[in-house]
Every structure is written in C-alpha cells, then in structure tokens.
Amino acid sequence: MKMVSEAQRQHAEAMLEGAAPVIELLGVSRVYPSRSGVVHALNDASFTIGASEWVAITGPSGSGKSTLVNLLGCLDTPTAGTLRIDGTEVHTMGGGDLDRFRADKVGFIFQQFHLIPYLSALENVMLAQYFHSMTNESDARAALDRVGLSHRAEHLPSELSGGEQQRVCIARALINDPPILLADEPTGNLDAANQRIVAEILAELHANGHTIVMVTHDPEMAALAQRKIALSHGKVFCHPVSNVVKLSQ
Amino acid sequence: MSTTATSKANISLGRMLLRSLAHRRARSFSALAALTVSAAVSTALLTLYNDLDAKLHHEFRSFGANVVVNSTSVAISPDEILQVQNIAGTNSLTAPIAYAIAETDRKTPVVVAGVDFATMQKLDNWWKVGTWPGQPDQVLLGQRAAGFIANEKEVTLTYAGKALTLHGTGRLSTGGDEDSRIYLPLATFENWIGVQPHVLEIQVPGGAGRVNAVLSQLQHDLPQLHAEPVRQLVAGESSIVDKTHALMYGAVLLIALTVAVSVLATLSASVLERRRDFALMKALGASQSQLFAHFLLEALVLATVGVVAGYLLGSGLAWAIGIANFGTATWPKLSILPLVLLLNLGIAACAALFPARVLRGLQPAALLKGE
C-alpha cells in the first residue's frame, strides 16, 4: 500500500488539532411515518466532525446509516435537532437553498459509482460542474489527472474497470472543491487491488486537508479513518480520535 | 455506439438529452411510437371530423332537390327563375319543370313533364336511367308509364287534340312517382303544349341552416311563389349529420384517451426506470426544477417529433378513409396541427411530470445504494 509522507501526516494532525467543526449535530432525529406509527431512523444524534478529519460511520443494515448520509449530504432535513454544516444551519433551509448548498459543500462517492452510461469519463466529471455552476473542461481533465485517469478521459463508463469508474466518481466528487467528501461504501464493489488504489487516493485527499465522512462495513477501511461513529438502531456511538493516517503505519 | 466520446467535451441539457435518447434506443423508440400513434389518430379523426359536414352534405346532394318552388297561379317567368338561382347560390342547381296530362297511343292518360335533361342528370343522379335523351325529339319513359305505350320507339302522345310523336331512349326507374311519368325536353314540351314551367326543383348546398336561410329569402323576395323544403331529406340530413358529429366527437375523445393512457404508461416507465439518474443528479446539486426540466424537455422533444410523423401519417390515413368511404379525398388540414401539437404536448407533459413528482418523495441516498 502506498505510503503517505511524514510531512503530509504531520500536516493532517496539525489541521485536526486546531480544526473547527465542519459538521455539527445536536439532538438530530429523523422520523418517518409508517403504517404502524413512526420509525425513528435516527434518534437524538449528537456529534461533531472537524475540518480535515476522516471519520468512518459503521453499523449494521437498518442502523440508520443511509438516513445519516441523507442528512449529512443535505438530501434530507432532520425532523428535530440542529444540523450545522460549515457554519450554516442546514435544518432550517428549504429545497432550492439546500440544492445549492449541497452542490457547494458536499462531494459524493458512491459504492456503485453511478456514472451516467452515455457520457464519457470527462463528461461525467463535468456533469457535477454543470449542476454546480459552469463547465470547465481543463478543470475536469485536471480532476481526472489527480486520480490518475487523464488517459481514459474520453472513454465511456462501460469501457472502464470498476476501480477506474470509482476513480472517475472521486474526480467528480472533487471537481467543485467541496469542503466535505461523503463516501458511501467507496470500496464495496471493488476487488482487493482496486480497494487499495481507492484507499490510497482517499488517504492522499485526507492528507491534503479534505474532510472525509465514509460509511463502510469493511473493518480495514474503517481502520484507515481517524475516528469511528457507530450506529445501532438509529442511535449514535462516537469513538475517540484514533491514529491519524493509518496507511502510513 | 462509438467507443469514445468527442474530443471537445461539453455538457448541456440538449446534449445530455440527445445522448440519453440515443442510449435508451428501445425505450425512446417505444415512447416515440406511442406519441406518433397518438398524433396520427388525432390528426386522422380531426381531419375527418372537420371535413365531415362537406362530405355528408355532398352525399345528401346526390339524393336530389331539397327545396321545391311552385307557382301559385301562373307559370314562373325567366326573371323569377334567375332570381331564385341567385338566392340559392352559385353552387346550387335549379331545374324548371312543366307538367301536363296527355294521352298515350293506347288512350291512357299519363303525366308528361318538360325538363332540361342536362340539369336533371346532375340533380337526380341517383335515378336509374338506361340512356338519357340528347335530342329534342327523344323522351324518357317511366317504368310504369312505358306500360301505357304501344311502341316505345315511336311514342305518340296527344294533348288537347295535338299529337306529337317522339322516340323513346330508355326507361327510368326510381321506385317513386317518376316511374309513372314521361319526360321530354322542356323546349319541345313548351312548343307542343304551350305551357311554361311552374315548378322549380332546387338543390341547395349546405345543411339545414343554409336551406332554411334560402327558404326565408325566397319567401321574402318572391312572395308570389310558394317555396318549401323536401322535409324528409332536410330533416334526415340534419339528424344524420348531428348524430355522426356526436359519434366522431366521442370516438376522438375515446381514442385520444386510450392512446394517452398508453403514452402515459410508456413515458412514466421511462422516467421511473431512471430513478437512479434522478437521485444522482439530485446528489450533484440539481434543483427540482432542473430535474423536471430534464424529464419534461425529453418528453416534449419526443412529442414534437411524434406530432410531425403522426401528422403526416394521420393525414394519409384520413385521405385513404375519405377515398374509401366518400369517394373523394380528404386533404390535409394545417389548421388542426396546433390542436394535435397541444394535445400531444399535454399528454407528454403529464406523462413526464407525474412520475417526476413521484420521484420527488423518494430518498436519493437509498436509491443510490440500490435499496
């Protein structure tokens, strides 16, 4: 596995120590109506995630991970509590403002990549620019170069391997330079070799100061994060800060 | 599909739309086919509906006169005939007729009628006639009247002691009073009997409204004449035209509704199967209105292409139906195009926006996880 330099590790540690929280949850709940009454998908969750921190969210199926991803990704709003992202109280925002805020603040990395099959790798990256503001081909090429895929820019997703598709997905998440990267099982569909490549890219992004919130079932991937937030039956259990940048060890 | 995209990349709603349609060829074709059928059926029915009055009135005109004018006292003068023709309109037919009772060579009284055969041939083209007379000394014998004649080739008739011998050209069969008459050229009739026409049979183009208007005008301008409609024909025509209109209107609505449901199902399925694209775009920051615009524009593009193809197909269909049923072509009507376009755009918009509204309630994160 690729080593992250000592300088990068020290930079990440320094940022974490002095970092203001980029995500703050205070008594956040999300309740869904059901036939038998209501379902508490997330119940009174309170925690913070600092800028440049790498946090793993773990928990079994049905524990509320998707609900938490929805809320942190500004795809949904809490039914109770305060959710503050990058200093803005998200829980008070309406549909249009939330869309704008999401485009600015969150970059998504999906387990199933979710590339548009009829657009090239480059155009898939530019799609995020399109919904954010304006497209810029050279920036999109630079993002692909950053994940080592500049030579595959014109290829369709069907012509790329799973690992390459995930790297396009990461480039798409990075293109608008959002403060938060929200990765939902980023290596769940990859073989061991590609898992390593994606883990290295995430570690490098973290070392360069990106805040990464990663939902994972994989203990190895979770171990790469500085901290784990465990979910069970909609309840949150926070773990203390773990070693920074496990990849370097 | 090409293995590589173009070297100059760009992203726009239109470009994504065209790529998306091309990528989902089968589904796009299915939606396009449904919208084309919808437009074709609407075009054909609306074209026929628009042309129905003219077609039916034309059919009814072949049944003969729909107005009869009688002189209450003396013969109708040439000036009066001209006035009647002017009131009836340029596309009307007016046949002056003079009647008398003569005696055959078998000494049987028979009704003889002096007519202009050229006009009668147009006015009563439903009559079954062997050969129409073309010479001043030729006559047309009614089926029953022929039985009162000893020699059909040399028809001798006598009126007030004046005998006239004419040549029969054939028999006339209508199943009505005409079968008991002998028809001869009007000029021959006038020279022989000395009586001018006192009946005008008129064929007024148009429906009951037009006929009534002509009747009113005749009664106003020529009060010395007695004008009346051929009741069975005018009332029957009016009733059939109204009922056919209602039937066509119902058929248009029913078929449009059926096709709309089919289009709705096809387009809705097309939108719903792309719910993950919807969730992805949402995650990338697309607003609800951008997503609606995407699905709406796609549906509207398909609808517009479908209307162009459907209009051509439907016009062809209406033309063929017109030929098959009425013997005359129904020409394409550009005036119905906006209505067909509006109808199909409306169906497509409903089909696109309804499922898009349903998608609004779904959880993007759950969709993107494949749940």
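The values are calculated or read from the model by the stated rules, or taken from the named source; none is laboratory data. Predicted model, so just to flag it, every value in this text is computed and none were measured. Note: ideal-geometry Cβ built from the backbone for every residue, glycine included; neighbour counts use all protein chains shown. Protein only, heavy atoms only, side chains kept; ligands, DNA and RNA dropped before computing areas. Shrake-Rupley method; radii C 1.70, N 1.55, O 1.52, S 1.80 Å.
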Qualifying positions in the range A:199-220 - open to solvent by less than 10 Å² (accessible area, probe 1.4 Å) and closer than 23 Å to A:S61 by Cα:
A:A199, A:I212, A:V213, A:M214, A:V215, A:T216
Take the residues in the range B:270-328 that are in contact with a Gly (Cβ under 9 Å, 6 or more places away or on another chain), hydroxyl-bearing (S, T, Y) and open to solvent by 40 Å² or more (accessible area, probe 1.4 Å); name whichever of them is modelled with the highest pLDDT.
B:S289
Considering only the range A:155-177, I want to know if a residue exists there that is within 30 Å of A:E24 (Cβ to Cβ), open to solvent by 20 Å² or more (accessible area, probe 1.4 Å) and touching a helix residue (DSSP H, G or I) at 6+ places or on another chain (Cβ under 7 Å).
yes
I'd like the residue in the range A:166-198 that is away from chain B (no Cβ under 12 Å), part of a helix (DSSP H, G or I) and farther than 22 Å from A:T58 by Cα and, out of all such residues, is nearest to the chain's Cα centre (by Cα).
A:L174
Of everything in the range A:106-165 that's of a type in the set (S, T, N, Q) and in a loop (DSSP other than H, G, I, E, B), which residue is nearest to the other protein chains (Cβ to nearest Cβ)?
A:S120
Those residues of the range B:175-216 which are in a helix (DSSP H, G or I), of a type in the set (D, E, K, R) and either open to solvent by less than 50 Å² (accessible area, probe 1.4 Å) or closer than 26 Å to B:Q135 by Cβ (or both) amount to B:D177, B:E178, B:D179, B:E190
On the basis of being of a type outside the set (A, V, I, L, M) and open to solvent by less than 10 Å² (accessible area, probe 1.4 Å), does A:S120 make the cut?
yes
Quick check: anything in the range B:285-296 under 27 Å from B:A26 (Cβ atoms), part of a loop (DSSP other than H, G, I, E, B) and without any contact (Cβ under 8 Å) to a residue 12 or more places away in the chain?
yes
Single unsatisfied condition, B:G134 versus (1) in contact with a Pro (Cβ under 9 Å, 6 or more places away or on another chain); (2) more than 30 Å from B:A208 (Cβ to Cβ):
(1)
Any residue that is more than 18 Å from A:V215 (Cβ to Cβ) and either modelled with pLDDT of 90 or more or in a loop (DSSP other than H, G, I, E, B) (or both) - is there at least one of those in the range A:59-79?
yes
Considering each residue of the range B:33-55, count those that are surrounded by fewer than 21 Cβ atoms within 10 Å (Cβ to Cβ) and of a type in the set (A, V, I, L, M, F, W, C), and give that number.
4
Search result, residues across the range B:91-107 that are part of a strand (DSSP E or B), buried (at least 18 other Cβ atoms within 10 Å of the Cβ) and under 44 Å from the mean Cα position of the chain (by Cα)
B:L93, B:T94, B:A95, B:P96, B:I97, B:A98
Does the range B:254-264 include one or more residues that are open to solvent by 10 Å² or more (accessible area, probe 1.4 Å), free of Cβ contacts under 8 Å to residues at least 60 places away in the same chain and within 14 Å of another protein chain (Cβ to nearest Cβ)?
no
Does B:T244 satisfy the condition of being free of Cβ contacts under 8 Å to residues at least 40 places away in the same chain, of a type in the set (V, I, T) and either part of a strand (DSSP E or B) or open to solvent by 20 Å² or more (accessible area, probe 1.4 Å) (or both)?
no
Kindly indicate whether A:T92 is within 22 Å of A:H233 (Cβ to Cβ), of a type outside the set (D, E, K, R), open to solvent by 30 Å² or more (accessible area, probe 1.4 Å) and more than 10 Å from chain B (Cβ to nearest Cβ).
no
Checking A:A225 against (1) at pLDDT below 90; (2) buried (at least 20 other Cβ atoms within 10 Å of the Cβ), which test does it fail?
(1)
Selection count where residues are at pLDDT 90 or above and either among the aromatic types (F, W, Y) or open to solvent by 40 Å² or more (accessible area, probe 1.4 Å) (or both), scope the range A:143-153:
4
Just one of B:A54, B:A33, B:A22 is within 14 Å of another protein chain (Cβ to nearest Cβ) and either closer than 30 Å to B:L272 by Cβ or at pLDDT below 85 (or both); which is it?
B:A22
Those residues of the range B:285-326 which are out of contact with any Leu (no Cβ under 9 Å at 6 or more places or on another chain) and within 14 Å of another protein chain (Cβ to nearest Cβ) amount to B:G285, B:S287, B:Q288, B:S289
Residue count, the range A:124-142, condition more than 17 Å from A:K105 (Cβ to Cβ) and open to solvent by 10 Å² or more (accessible area, probe 1.4 Å), comes to 9
Among the residues in the range A:80-92, are any touching a residue at least 12 places away in the same chain (Cβ under 8 Å), of a type in the set (K, R) and closer than 22 Å to B:A279 by Cα?
no
